[in-house]
Amino acid sequence: MRRVIALLVLLGLVSVLWVLLVESKPEVERGSTLVVELSGGYVESAESSLLARLLGDGSRSFASLLAELDKAARDDRIEAVLFRVRDLNIGWAKAEELREALELLGESGTRTAAFLELSDFSGNLEIFVASAADSLYASPANSGLLLGLGAQYYFLGGFWERFGVDYEVEGIGRYKSAGEMLSKSEMSEPHREMANSLLDSLNERFVGGLAESRNLSAQQIEAVLAAPPATPGALRERGIVDAVVAWDEAVERVGGGPLIEDFEYATVDARSVGFDPVARFALVYGSGAVVMGNASMTPSGAPELASDRVSAALEDAAKDPSIDAIIFRVDSPGGSPLASEIVWRASQQARQAGKPLVASFSDTAASGGYYVACGADAVVASATSLVGSIGVFAMRPVVDRAFEKLDIGVATLTRGANADALMLAEPLTPSSRALLRSAITQTYALFTERVAAGRGMSVDAVDRVAQGRVWTGAQAVTRGLVDVLGGLREATAVARQRVGLPRDADVELVPYPRSEGLQAQVSALLRGASARLHPAVILPERLRRVGDWWLATAAAAGSPQLLPPFLVEIH
């Protein structure tokens, strides 16, 4: 069966290549309107392979989306860009970068419009993005509401109690609340303080962005959120959208010129619109949980920041004589301390090669995700990125009462005073607990030393802003954890300056790690197809993320972990 599938894939590949070779590039007429659909998720990795797309993996590189919008801004044949905004599955930092891309299109002289076509009630993020367009329309059947931001956290201690399972947690950092999500039944006061601070910071940007884009005051936006419009017509009456129209009517309002779809426009060579790179920068991706090894993704298809793979990418970029600078694009909640240290070391060796290393934070660069990049020459994050969480914890389930309920007998045999430290059938002894505490204290000390060296701070100064606390980028820049606010565009500008180029000079971004070979891609796709048949994969996206976090911690029970609270999500 695998050979048959592989043969079909290869035949499909040949067919697509034939079409690409034989068919001519689309002719872009003057006065054209580019239609760009914004929907679903965008990955912080290289563009999905052709094989992956043939088998239905529609994940698109976020960087490629930004590049296409930049190309349209230069193309004087494109008179307008119309965004068809559907339900998005991205974080607030990507949303911030999309808003900036829309604003830059407008500044280039290209008219922009956005059309809301949301099926979920939660429309906060999508409206935040779309409001940056010159004109904002909504479908008569649009369901997305402007409800205001909210965050919900789950505490499973009482659930485990029902089964006779206890969790012993040791952590360094007053705000290192990841362990309490599984061991407690309610939110601690430090966790509540941090969560409210994050919500306040993001809400300030959310309200301010909407007010600026829609020419309203912050007080007017807050009044809208206090009594949310329940219909598209009410959104128009409150000044959030300009008109409620059908899709074809939105097209006419934009100008009605020749339409070109984004998938067609993607085949237009950027050099044909004046793109003339004078340098090449490596774009090294560090996405997903920080793990040991060389894997590129989990069985369910989620990306992984694997120590060997990302370290090799940094090394390859540093050795490539055609590469002038390295941008380390991080979108990770952390994970293994050892894997984080290995990638951090690779980043320092890349710097020693003489090429500037600029870290660019996407939605999340927390705990191990911050560790891997804290030694960069410069750190750039969006105001809404989730940053920091410099802390460590170790978590250990104790199942003695569960075994009693199930009439399971246990015999424990050890050699050595602390050999029972990882035996799950009984609580830690005072001696074993002290040993565990010593181990995570050492991990925290190394983490803070790495941050102090990279950020030019004292260890005491790092400790004051560490303690496991998550900050937004806007908060982190005032505390020395981030240098500059901005997205990938700003990180590229910083790298240009580091190599002595003007901020607006054209540079080519070369993605790393390199694409895998054809055979490796087919094998990965077959493994992924098998994984997608597992019942757990059909769970809602948010519950799958809870499951991924749980697996990441459970797989390393008893060992230190660099992870933030598993549901730091604000909707």
> Based on what the data block shows, is ARG238 of a type outside the set (Gly, Ala, Ser) and free of Cβ contacts under 8 Å to residues at least 24 places away in the same chain?
Replying inline: yes
>> So for the range 446-468 (the condition being within 18 Å of the chain's Cα centre (by Cα) and either assigned to a helix (DSSP H, G or I) or surrounded by 22 or more Cβ atoms within 10 Å (Cβ to Cβ) (or both)), does at least one residue qualify?
In response: no
> Going by the structure shown, is ARG415 surrounded by fewer than 21 Cβ atoms within 10 Å (Cβ to Cβ), farther than 26 Å from SER197 by Cβ, out of contact with any His (no Cβ under 9 Å at 6 or more places or on another chain) and touching a residue at least 12 places away in the same chain (Cβ under 8 Å)?
Replying inline: no
> Do any helices (runs of 4 or more DSSP H) entirely within the range 211-285 hold 1 or more residues that are farther than 30 Å from ARG329 by Cβ and within 29 Å of the chain's Cα centre (by Cα), and if so, which?
Replying inline: 218-226
> Hey, among the residues in the range 70-93 that are among the basic types (Lys, Arg) and part of a helix (DSSP H, G or I), which one's nearest to GLY150 (Cα to Cα)?
Replying inline: LYS71
> In the range 325-357, which residues are of a type in the set (S, T, N, Q) and without any contact (Cβ under 8 Å) to a residue 40 or more places away in the chain?
Replying inline: SER347, GLN348, GLN349, GLN352
> Given the conditions (1) modelled with pLDDT under 85; (2) surrounded by fewer than 16 Cβ atoms within 10 Å (Cβ to Cβ); (3) closer than 26 Å to GLY164 by Cα, and given that ALA434 satisfies all but one, which numbered condition is not satisfied?
Replying inline: (1)
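Results for (1) crowded, with 21+ Cβ neighbours inside 10 Å; (2) in the same structural domain as LEU65 (by TED's automatic domain parsing); (3) among the hydrophobic types (A, V, I, L, M, F, W, C), shown as yes or no for each residue.
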position	(1), (2), (3)
ASP262	no, yes, no
ALA266	no, yes, yes
VAL310	yes, no, yes
GLY334	yes, no, no
ARG345	no, no, no
THR364	yes, no, no
GLY368	yes, no, no
>> With over 20 Å from ALA211 (Cα atoms) and not aromatic (Phe, Trp, Tyr) as the only criterion, which of LEU65, LEU98, LEU145, LEU136 stands out?
In response: LEU65
>> Show the residue pairs meeting these rules: Cβ distance below 6 Å; 6+ apart or different chains; first residue within the range 94-112 and over 13 Å from GLU490 (Cβ atoms); second residue among the polar types (S, T, N, Q).
In response: LEU102/THR112; LEU105/THR112; GLY106/THR112
> Can you name every residue in the range 427-473 that is among the basic types (Lys, Arg) and in contact (Cβ under 8 Å) with a residue 12 or more places away in the chain?
Replying inline: ARG433, ARG437, ARG450, ARG455, ARG469
> Just checking, which of ALA419, ALA425 is touching a helix residue (DSSP H, G or I) at 6+ places or on another chain (Cβ under 8 Å) and part of a loop (DSSP other than H, G, I, E, B)?
Replying inline: ALA425
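The values are calculated or read from the model by the stated rules, or taken from the named source; none is laboratory data. Keep in mind it's a predicted model, so treat the numbers as computed, not measured. Methodologically, a virtual Cβ is constructed for each residue, glycine included, from the backbone with ideal geometry; neighbour enumeration extends over all protein chains shown.
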